[in-house]
Each structure stands twice: as structure tokens, then as C-alpha cells.
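S.K.: Pasting a structure here, questions to come.
The values are calculated or read from the model by the stated rules, or taken from the named source; none is laboratory data. Computed from a predicted structure; not experimentally measured. For neighbour counting, all protein chains shown are included, and Cβ atoms are generated from backbone atoms with ideal geometry for every residue, glycine included.
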Amino acid sequence: METEKGKMLKGLLYQAFDEELIRERSRAHDLVYEYNRLKPSNILEREKILMSLFGFIGGRFNIEQPFFCDYGYNICIGKNFYANTGCTILDEAKVVFGDNVLLGPNVSIYTAGHPVDVKLRNEGLEYAYPVTIGNNVWIGGNTVILPGASIGDNAIIGAGSVVSKDIPAGVVAVGNPCRMIRLVDENAEK
């Protein structure tokens, strides 16, 4: 018989109030609580907590406080990762960041969603779809990325956007819903 965690990781409907999942969220929330209460200058301790929390860290990174996530082990970051203050990652499914990713302030990434059917929603069921962000991506402040969306390499997402569908590589995309407005000009300074 499939566990609720197994269902969650496969993108199936699962019971969010399962005891194992509650324990794992509590562990992550305790670590995040510790992380957010450290002095910003205590870099080694901050890094140690995130290394014990995340599923994979590929190299140099900096995540400003406060930061929040649900499980941590579903978050994989490449090298040269930066997240500004107020980053929230609800990582019920995998959230994979490539190399050289920049997140502006208050970027939120949600992998979890709830059924439209009110009966299923009231039973505490939810689903989770992975989010993938490519290499050399810059995501502007107050952007929200929804379950199942991916952002291609070298893309720029404008501040305040809501990414509900895949964004191709090498584009500037903005808005709610987020959509491409032009190609990235590699020679442009701004």
C-alpha cells in the first residue's frame, strides 16, 4: 500500500495531515525557525542548517533571512544561488534550481495545490507538482511560481509576475499570468 508521502512525491492526491508528513514538516519548520533567528553574520551556522535541510546544494549560495519551506529535502540548488529576503518554497514536490539563479525579495514557489472538488478538498487532500528553474535565471521580487511550472535557461521574470505555465529559455516574461514580452538581449546592459 502506497504511503501518503509516496503519493505526494508521485503527484497523486495525498492526505496532507498524515502523521509522517506532519513530523517531516515539523522538523523542517524547526530548522527554518533556527535559521531565521541566527545573526546574519553567523554564515557558517546558517549554511550548516541549510545543508542539513536541503536535498542538494551544488556550490556557493546565499539565502537571506527570513526564509521558509515545508520539507527542505525536495529543494535542490545549483551553484551560485541567491535568494533575497522573504523567500517561501512550499516544496511538497521537487523544486530544482540550476546554476546562477537569482531570486528577488518575497519570491514564492508553490508545488502544492488543492482539488477543485470541495469534498476532496475538505478531506484534506492535496496534490504536488514539481517546479524547475533553469540556469542563469533572474526572478523579480514578489513573483509567485505555481505548481508544475518551469522556467527555461537564461530567462528573466519581471517583478510581481504569476508563473502558472512553462516559460521558455532566453525570454523576458512578465505579468499575471506571466507571458513572454521579448527575447533576452545578451548585449543589453539593462
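S.K.: Kindly indicate whether Gly134 is touching a residue at least 12 places away in the same chain (Cβ under 8 Å) and surrounded by fewer than 19 Cβ atoms within 10 Å (Cβ to Cβ).
M.R.: Considered against the rule, which asks whether it is touching a residue at least 12 places away in the same chain (Cβ under 8 Å) and surrounded by fewer than 19 Cβ atoms within 10 Å (Cβ to Cβ), Gly134 comes out as no.
S.K.: (1) closer than 21 Å to Lys5 by Cβ; (2) among the hydrophobic types (A, V, I, L, M, F, W, C); (3) in contact with an Asp or Glu (Cβ under 8 Å, 6 or more places away or on another chain); (4) crowded, with 22+ Cβ neighbours inside 10 Å: which one isn't true of Leu90, the others all being true?
M.R.: Condition (4) is where Leu90 drops out.
S.K.: Does Pro115 fit the bill of being over 28 Å from Leu21 (Cα atoms), exposed (fewer than 15 other Cβ atoms within 10 Å of the Cβ) and not β-branched (Val, Ile, Thr)?
M.R.: no
S.K.: If I filter the range 6-25 for residues that are touching a Lys or Arg at 6+ places or on another chain (Cβ under 8 Å), at pLDDT 95 or above, surrounded by fewer than 17 Cβ atoms within 10 Å (Cβ to Cβ) and more than 28 Å from Asn122 (Cβ to Cβ), do I get at least one hit?
M.R.: The answer is no, given that none of the residues of the range 6-25 is touching a Lys or Arg at 6+ places or on another chain (Cβ under 8 Å), at pLDDT 95 or above, surrounded by fewer than 17 Cβ atoms within 10 Å (Cβ to Cβ) and more than 28 Å from Asn122 (Cβ to Cβ).
S.K.: Among (1) crowded, with 17+ Cβ neighbours inside 10 Å; (2) hydroxyl-bearing (Ser, Thr, Tyr); (3) out of contact with any strand residue (DSSP E or B) (no Cβ under 8 Å at 6 or more places or on another chain), which single condition is Ser150 missing?
M.R.: Failing condition for Ser150: (3).
S.K.: Within the range 138-160, is even one residue under 22 Å from Phe54 (Cβ atoms), among the hydroxyl-bearing types (Ser, Thr, Tyr) and touching a Phe, Trp or Tyr at 6+ places or on another chain (Cβ under 8 Å)?
M.R.: So far as the range 138-160 goes, no, none of its residues is under 22 Å from Phe54 (Cβ atoms), among the hydroxyl-bearing types (Ser, Thr, Tyr) and touching a Phe, Trp or Tyr at 6+ places or on another chain (Cβ under 8 Å).
S.K.: Are any residues in the range 1-60 charged (D, E, K, R), under 19 Å from Thr111 (Cα atoms) and in contact with a Leu (Cβ under 8 Å, 6 or more places away or on another chain), and if so, which ones?
M.R.: Glu4, Lys5, Lys7
S.K.: Also, I was wondering about something else. When you go through Gly72, Gly59, Gly55 one by one, which is the residue that is touching a strand residue (DSSP E or B) at 6+ places or on another chain (Cβ under 7 Å), among the small types (Gly, Ala, Ser) and either surrounded by 14 or more Cβ atoms within 10 Å (Cβ to Cβ) or closer than 17 Å to Val96 by Cβ (or both)?
M.R.: Of Gly72, Gly59, Gly55, the one residue that is touching a strand residue (DSSP E or B) at 6+ places or on another chain (Cβ under 7 Å), among the small types (Gly, Ala, Ser) and either surrounded by 14 or more Cβ atoms within 10 Å (Cβ to Cβ) or closer than 17 Å to Val96 by Cβ (or both) is Gly55.
S.K.: Here's something else I'd like to know. Which residue pairs have Cβ atoms closer than 8 Å, lie 6 or more positions apart in sequence or on different chains, and pair a first residue in the range 110-121 that is closer than 27 Å to Ile133 by Cβ and free of Cβ contacts under 8 Å to residues at least 24 places away in the same chain with a second residue that is surrounded by fewer than 15 Cβ atoms within 10 Å (Cβ to Cβ) and of a type outside the set (Phe, Trp, Tyr)?
M.R.: Close Cβ pairs (under 8 Å, with a partner that is surrounded by fewer than 15 Cβ atoms within 10 Å (Cβ to Cβ) and of a type outside the set (Phe, Trp, Tyr)) amount to His114/Arg121.
S.K.: If we scan the range 114-126, do we find a residue that is out of contact with any Gly (no Cβ under 9 Å at 6 or more places or on another chain) and at positive phi? First the steps, then the outcome.
M.R.: Our first condition is that a residue be out of contact with any Gly (no Cβ under 9 Å at 6 or more places or on another chain); within the range 114-126, this holds for 114-125.
Still in the list and also at positive phi: 124.
Looking through the range 114-126, at least one residue is out of contact with any Gly (no Cβ under 9 Å at 6 or more places or on another chain) and at positive phi.
S.K.: Please determine whether any residue of the range 95-107 is among the acidic types (Asp, Glu), surrounded by 21 or more Cβ atoms within 10 Å (Cβ to Cβ) and either out of contact with any Leu (no Cβ under 9 Å at 6 or more places or on another chain) or in contact (Cβ under 8 Å) with a residue 24 or more places away in the chain (or both).
M.R.: For the range 95-107, residues among the acidic types (Asp, Glu), surrounded by 21 or more Cβ atoms within 10 Å (Cβ to Cβ) and either out of contact with any Leu (no Cβ under 9 Å at 6 or more places or on another chain) or in contact (Cβ under 8 Å) with a residue 24 or more places away in the chain (or both): absent.
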